[in-house]
Structures are given as structure tokens and as C-alpha cells.
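Report on the structure given below.
The values are calculated or read from the model by the stated rules, or taken from the named source; none is laboratory data. On a predicted model such as this, the values are computed, not experimentally measured, just so you know. We place every Cβ from the backbone using ideal geometry, glycine too, and count neighbours over all the protein chains shown.
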Amino acid sequence: MQGKNILVPRSKGQAQSFSDLVKQYGGNPVEIPLLAFRPASTPEIYAIINQLHTYDWLIFTSSITVETFLSFLHPSDRKHLPKIAAIGKKTESFLLDKGLQVDFTPEEFVAEGFVEEFKPSVKKGMKVLIPKGNLARNYIADHLTNYGAVVDEAIIYETYFPEESRELIKDKLTHGQLDILTFTSPSTIDHLMAVVKENNLNEKVEACVIGCIGPVTKERIESYGLKVHIAPDVYTVHHMIKSTIDYFKK
């Protein structure tokens with residue numbers, strides 16, 4: 001990746017580990033957040049928190065979800081948390097760093113894999129709470145409900161596209177200053193493609209190497225008629241970077 005400009009679609013606070021990996025392998029990280037998050041503070045959230053002791057399981061799908069959820073809790077509330085399931089090693093590590101016990105982590109870091117691996121733990125009538133963002137899928141909740149669980153979903157944050165990122169994306173693509181585009185969720189590609197369509201930049205995107213994490217993101221990219229060049233079997237940023245290196249070695 002020597003000298004190549006690589007889009008890091010994360011905000012300054014979240015981009016460091018991603019950018020450090022890019023630099024480690026000779027690339028130039030271009031940090032342009034395609035997603036930003038803001039807490040969605042509602043009376044319903046606090047009502048659920050007051051009933052945390054009634055749940056059997058709490059399922060976290062990302063470190064953002066963990067961080068936002070914990071921001072609503074008083075430190076004493078942490079003593080009364082139900083069992084915790086985490087999707088992905090990063091989410092698990094974040095929970096452990098916060099001093100919380102993780103009772104279940106699937107081998108596969110996507111909702112589909114989680115549902116299959118978690119199914120033996122589901123008992124009819126058990127209560128499950130899933131904190132989530134406003135754009136998250138209902139896949140886990142729907143399947144656990146079908147297995148007999150009583151599932152509550154709580155929207156605790158909103159996902160949006162920062163206005164300043166629109167101009168940055170337009171400028172970098174227009175002047176051919178991005179060689180590799182990386183996407184970490186369907187929303188990241190949706191937001192970038194909104195700028196592409198507004199400014200007729202399809203040819204600029206098609207000239208880039210495209211990498212992504214996870215089959216759902218890959219499917220969304222392909223729905224725009226784009227080719228995905230890099231899609232690692234293990235759904236982490238580190239494996240995406242390693243797969244990118246392998247791609248350029250061919």
C-alpha cells in the first residue's frame with residue numbers, strides 16, 4: 001500500500017487505530033467520517049434502564065452501542081446488569097476494559113452468525129434487551145423472538161452524515177486523491193454514494209479499489225453496481241488491511 005491514499009471512514013476519535021494500521025503498512029490514511037453518532041435521550045430509555053434487573057440478557061453489537069448505553073447509566077447501575085453477549089472482539093474488549101463481564105461472544109462477527117450460535121442459549125420467555133442505533137437491522141430481535149425470547153430493542157443513538165464530510169468527499173474524489181475506499185457498514189457506502197450521485201462522480205469511484213467488512217456491507221456496495229475487490233473472511237479492520245496488502249501483492 002506504499003504511498004496510496006486510503007479512505008478511513010471514521011471520526012477523529014475513532015479513526016486512530018485504523019489510521020495507525022494504514023501507516024504501518026505504508027499507506028496514507030485520509031480520515032473522512034462517513035458516520036457520526038449522537039445519543040438519542042428519551043424517557044423510554046430511562047424507563048428501560050430502571051427495569052434492567054428484569055432482563056436475562058443484554059446484547060451489544062458494537063463498541064459505540066456499549067459506550068452510548070453506559071453513558072445513560074449511573075455507576076451503581078452496572079452492578080445490576082443481566083448477562084452480556086457481545087458481537088465482535090472489539091466490542092468484547094471494550095466491555096472488558098469497562099470492567100464488565102462478557103458471557104457470550106460468537107465465533108462469527110455478524111448478526112447471522114450470532115443468531116445461530118446463540119440459539120442454544122435461548123429459553124422460551126427469557127427477556128432480552130438490544131440497545132441499537134436508529135439504522136440498525138432488526139435481524140437479531142426477529143430471530144430470537146421466533147425462538148421464543150421476549151425481545152426489547154432500545155434506540156439509544158442516531159446515525160448521521162456530517163455535513164463537513166460531504167465537501168471533503170466531493171473534493172477528494174473530484175481530484176483523484178483517493179486510491180482505496182474502505183467501508184465498515186452499509187450506511188458508510190450509502191452516505192458516500194449520495195455525494196457521488198449529486199456530483200456525477202461515478203467514474204471516480206469506479207477507478208478506486210474498494211474494500212469492506214462483512215457480507216451485508218458487501219451486498220450494499222454491489223447494489224450500486226460497484227465491484228468489491230477486498231472482503232476478508234474475518235470481519236475486522238485489521239483483516240481488511242491485511243487483505244488489501246495481499247490484493248496488491250497479486
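Structure values in brief
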item	result
Residues within the range 127-140 that are part of a loop (DSSP other than H, G, I, E, B), out of contact with any strand residue (DSSP E or B) (no Cβ under 7 Å at 6 or more places or on another chain) and surrounded by 14 or more Cβ atoms within 10 Å (Cβ to Cβ), tallied	1
Search result, residues across the range 74-102 that are outside any helix (DSSP H, G or I) and charged (D, E, K, R)	K83, K98
Hey, I140 among the aliphatic types (A, V, I, L, M), within 30 Å of L52 (Cα to Cα) and out of contact with any Cys (no Cβ under 9 Å at 6 or more places or on another chain) or not	yes
Selection within the range 101-126 - buried (at least 17 other Cβ atoms within 10 Å of the Cβ) and touching a strand residue (DSSP E or B) at 6+ places or on another chain (Cβ under 6 Å)	T105
Strands (runs of 3 or more DSSP E) (entirely within the range 16-70) containing at least 3 residues that are in contact (Cβ under 8 Å) with a residue 24 or more places away in the chain and buried (at least 19 other Cβ atoms within 10 Å of the Cβ)	57-60
Residue tally, condition of a type in the set (G, A, S) and touching a strand residue (DSSP E or B) at 6+ places or on another chain (Cβ under 9 Å), over the range 12-42	6
Test: residue in the range 127-135 that is under 27 Å from D246 (Cβ atoms) and either without any contact (Cβ under 8 Å) to a residue 60 or more places away in the chain or among the polar types (S, T, N, Q) (or both)	no
Filter result for S243 (modelled with pLDDT under 95 and within 22 Å of the chain's Cα centre (by Cα))	yes
Matching residues, the range 236-247, being in contact with a strand residue (DSSP E or B) (Cβ under 9 Å, 6 or more places away or on another chain), surrounded by 14 or more Cβ atoms within 10 Å (Cβ to Cβ) and not polar (S, T, N, Q)	V237, M240, I241, Y247
Within the range 76-125, considering residues that are modelled with pLDDT of 90 or more and β-branched (V, I, T), the one nearest to A136 (Cα to Cα)	I87
